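Input: a single structure, listed below in structure tokens.
The values are calculated or read from the model by the stated rules, or taken from the named source; none is laboratory data. Please read all numbers here as calculations on a predicted model, not as lab measurements. Cβ coordinates were reconstructed from backbone atoms using ideal geometry, including for glycine residues, and neighbour counts include every protein chain displayed. In case anyone asks, the SASA skips ligands and DNA or RNA and just uses the protein heavy atoms, side chains included. Shrake-Rupley method; radii C 1.70, N 1.55, O 1.52, S 1.80 Å.
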Amino acid sequence: VVPWWQIWITRGAKVVGVQVLLWIALIFLYPRYSTVQALFFWNPWVRKSLGFAYIDFCLTLVPFLRDRLLAPFHGDLVSDARIEAREMDQYFTKIEAQNRNSGLHGLLQDLIPTVSGQFVLEGESGFGKTMFLRHLLKRSRHAVVFLTAETCDGGVFQAIQRKLKGKASDDGFLKTIIYTGGLGVVIDGLNEGTVETREKLLSFVAEFPRANVILATQPLHWKRPGSAALVTIDPLSEESIHTFLVSRYEWLNCSDHMAKDEYIRRSEDYLKDAFGENNGEDYLTARRILSNPMDLTTAAELLSRGEAPNLR
């Protein structure tokens, strides 16, 4: 005769096995079907009663399941970054920068290869901070949220929470995944926010010292988070200016009205004239303006139309 306790253990194991298989199927279907999302994952009563409590625990602490839970919101999390816009094709990878904490100097994409750790990215207007962040988000393999400082006037955590629903927006779950690095946070335009907003950003970083956070700003007098490394973007070198200018040919679609050889010749003649040894103050003006990718793009557009850019 089989003991009663062994019978109950066998039955319990079968119930748990069926329940595990059910949740595996639901997790597989979750990103694709709104019914599954709303009924099983966004309804706390159903999730907790059918999940025997351990489902919530697993969704919070298992990296794969965290990413799965956030999958339906990936588009909303980075919507403000417009990573699918056409101008993303013009990203220039040769921008150089320096990590002021470590002293390392090199390509910006090497100094900040992923949204991992804590960084303050600083650069003048037009130096490519936002474009770099958008490029970083586009190739990120993990969940990242993109915010502007202006949208964080009510608090960073609250701004993130507004982009999520159901279990993903629960205070406990969201705080856990941010603290453990399961959701990267990128905030652009700190210089455009108020002093009060910057204080809230500092409080957020202090509350989540292990979070993966990048804060981007123009040069600014403020109390930078002590846990964040400062990375400053360099002006383009003369070699990079030439490379950048030539690389704009394909992006500007110049082939209909100007051959590439002609565009390159005009670009090189223009730079020789701008950087002539006897230009004096004009050289310094040219060096300052053309080392800014935004202004250099304007020069490229004029050259592609057969016009001669005038720095003044």
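How much of the calculated P(r) for region 17-152 lies past 26 Å, in percent of all Cα pairs? That tail contains 42 percent of the Cα-Cα pairs. For Lys200, the aspartates and glutamates whose Cα falls under 13 Å of its own Cα, not counting residues fewer than eight places away in the same chain, are Glu150, Asp153.
With all protein chains present, how much of the accessible area of region 39-184 (probe radius 1.4 Å) comes from carbon and sulfur, to the nearest whole percent? Solvent-exposed carbon and sulfur of region 39-184 make up 54 percent of the total. The simple spin-label model puts a point 7 Å past each Cα toward its Cβ; for Ser102 and Ser116 those points are separated by 1.1 nm. Remark: the chain carries 53 Å² of accessible area per residue (probe radius 1.4 Å; ligands, DNA and RNA excluded).
Once the Cα atoms are used to define both axes, helix 293-304 deviates from the longest principal axis of the chain by about 60 degrees.
Rounded to the nearest 10 degrees, the inclination of helix 4-29 to the longest alpha-carbon principal axis of the chain is 30 degrees. In straight-distance terms, cross-link reach from Lys94 covers every one of the lysines whose alpha-carbon lies under 27 Å from its own, apart from those fewer than eight places away in the same chain; here that gives Lys129, Lys138, Lys260, Lys272.
Using only the alpha-carbon atoms of region 87-128 as identical scatterers, what base-10 log of I(q)/I(0) does the Debye formula give at q = 0.17, 0.25, 0.30 Å⁻¹? Debye curve over Cα of region 87-128, log10 I(q)/I(0) at q = 0.17, 0.25, 0.30 Å⁻¹: -0.51, -1.05, -1.30.
If I fit a long axis through the Cα atoms of helix 238-251 and take the longest principal axis of the Cα atoms of the chain, what angle between them do I get, 0 to 90°, rounded to 10? Between the helix axis and the principal axis of the chain, the angle is about 70 degrees.
On the beta carbon distance between Thr194 and Lys260, with R0 = 51 Å, the FRET formula returns roughly 0.60. Within the same chain, lysines fewer than 8 places from Lys48 are excluded, and of the rest, those with a Cα less than 30 Å from its Cα are Lys14, Lys163, Lys165, Lys167, Lys175.
Computed extension length for Arg139-Tyr283: 48.1 nm, one decimal, from 0.36 nm per residue of separation with the Cα-Cα distance subtracted.
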